[in-house]
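Below you'll find the structure I mean.
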Amino acid sequence: MLFRRPSRFVALTHNLMDALHLDQLLPRYRRFARAAARHGGVGVALLQEDVDGAADEVARALGLDGVARCPTEPRLATVYDARRYAAVDVRAVPLPALAALAPHERLYIKGGAPETKRALAVRLRARAARPLFTLNLHLDAAGDNAHRAGQLAAAVAAAPPPRRDVLLAGGDTNCFALDRGRQARDLASMLLPLTRAGARDAHARAPADTHFFARTTESGIGHRLARLAGAVGVDAPRRYDVLAAAARVVAAGYLHTPESDHDGAWAALEY
């Protein structure tokens, strides 16, 4: 009987914050890629708020040479190691939209109207292992956690992984609650569709905050108010950014990136 050697790689998810400080982020990605080599190297990165080809530069900094995008959701990019994988299916998955914004939500949502959100589903055929099915998510910043949970559930229902594929899902959930315990419960509930699909939360045993209002440098009035509050010590950091995978988690942690309002979340996976 032949035994195939397990495939091991590092997955990363990160919100680039419109790549406003990309020049400062790139050296951090390069250092991260060097550190990831001990776990087989970076294989896939799920990026949100990609603008003006920033994901291509991030890919190069991570040592990757594959970039998957969809024209109907250009702010999401899944970058990957083209020596290991080939993108054989790339599609955008529509997510439920809000009917309207509350007055305070118009302060930080561009255009002052509900956003049309899509997830990015990319199937990566592996050179010497089972295919990866990746789901890159950036859920609504407006609305409540029940609405965001509905968006994630809709994405999983609309884009189920093929039977042989290894599911890797992640991104920015925007899961917020002032009460820390409630936020943790809401996030765990939000991720249940991924759990039912066989993917485990890579950071469930050692969760940490990944989003910080005080670090935003976006120009909207809502963002400026959040930054001002953070400057005087009023912030509510929470774990927004998640990775879930139907693979063994060898190691997991976070990439500190003060040039974004989000830290990256990474996991070394084996399957």
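Which ones in the stretch 177-191 are touching a residue at least 40 places away in the same chain (Cβ under 8 Å) and either under 13 Å from Leu243 (Cα atoms) or open to solvent by less than 70 Å² (accessible area, probe 1.4 Å) (or both)? Explain how you work it out, then say what you get.
Applying the first criterion (touching a residue at least 40 places away in the same chain (Cβ under 8 Å)) to the stretch 177-191 yields 177-178, 180, 183-184, 186-187, 189-191.
Within the stretch 177-191, Ala177, Gln183, Ala184, Asp186, Leu187, Ser189, Met190, Leu191 qualify.
If Trp266 satisfies every condition in (1) modelled with pLDDT of 95 or more; (2) more than 23 Å from Ala36 (Cβ to Cβ); (3) of a type in the set (A, V, I, L, M, F, W, C) but one, which is the exception?
Unmet for Trp266, out of (1) modelled with pLDDT of 95 or more; (2) more than 23 Å from Ala36 (Cβ to Cβ); (3) of a type in the set (A, V, I, L, M, F, W, C): (2).
Looking at Ala121, Ala146 in this structure, which one is open to solvent by 70 Å² or more (accessible area, probe 1.4 Å), out of contact with any helix residue (DSSP H, G or I) (no Cβ under 7 Å at 6 or more places or on another chain), aliphatic (A, V, I, L, M) and under 20 Å from Pro193 (Cα atoms)?
Within the list Ala121, Ala146, the selection yields Ala146.
Please determine whether any residue of the stretch 37-55 is at pLDDT 95 or above, within 19 Å of Leu132 (Cβ to Cβ), assigned to a helix (DSSP H, G or I) and within 15 Å of the chain's Cα centre (by Cα).
Checked against the condition, which is being at pLDDT 95 or above, within 19 Å of Leu132 (Cβ to Cβ), assigned to a helix (DSSP H, G or I) and within 15 Å of the chain's Cα centre (by Cα), the stretch 37-55 yields at least one hit.
Can you tell me which condition Arg200 does not meet? The list is (1) under 17 Å from the mean Cα position of the chain (by Cα); (2) open to solvent by less than 40 Å² (accessible area, probe 1.4 Å), and all the others hold.
Evaluating Arg200 over (1) under 17 Å from the mean Cα position of the chain (by Cα); (2) open to solvent by less than 40 Å² (accessible area, probe 1.4 Å) leaves (2) as the failure.
Could you list, in sequence order, all residues of the stretch 254-270 that are within 18 Å of Ala19 (Cβ to Cβ) and under 15 Å from the mean Cα position of the chain (by Cα)?
Taking the stretch 254-270 and keeping what is within 18 Å of Ala19 (Cβ to Cβ), we get 255-264.
Once the filter is applied, which keeps residues that are within 18 Å of Ala19 (Cβ to Cβ) and under 15 Å from the mean Cα position of the chain (by Cα), the stretch 254-270 yields Leu255, His256, Thr257, Ser260, Asp261, His262, Asp263, Gly264.
Here's something else I'd like to know. Answer with yes or no whether Asp89 is touching a residue at least 12 places away in the same chain (Cβ under 8 Å), out of contact with any Asp or Glu (no Cβ under 6 Å at 6 or more places or on another chain), open to solvent by less than 20 Å² (accessible area, probe 1.4 Å) and within 30 Å of Ala128 (Cβ to Cβ).
Taking the combined requirement at face value, the residue does not satisfy it.
Additional query: If I ask for residues that are of a type in the set (A, V, I, L, M, F, W, C) and open to solvent by 10 Å² or more (accessible area, probe 1.4 Å), which ones from the stretch 1-41 would you list?
Taking the stretch 1-41 first, the residues of a type in the set (A, V, I, L, M, F, W, C) are 1-3, 9-12, 16-17, 19-20, 22, 25-26, 32-33, 35-37.
Those that are of a type in the set (A, V, I, L, M, F, W, C) and open to solvent by 10 Å² or more (accessible area, probe 1.4 Å): Met1, Leu2, Phe3, Ala19, Leu20, Leu22, Leu26, Phe32, Ala33, Ala35, Ala37.
The values are calculated or read from the model by the stated rules, or taken from the named source; none is laboratory data. The structure displayed is predicted, hence computed values, not measured ones. Every residue, glycine among them, receives a Cβ derived from its backbone with ideal geometry; neighbour counts consider all protein chains shown. Calculation scope for accessible area: heavy atoms of the full protein, side chains included, ligands and nucleic acids excluded. Shrake-Rupley method; radii C 1.70, N 1.55, O 1.52, S 1.80 Å.
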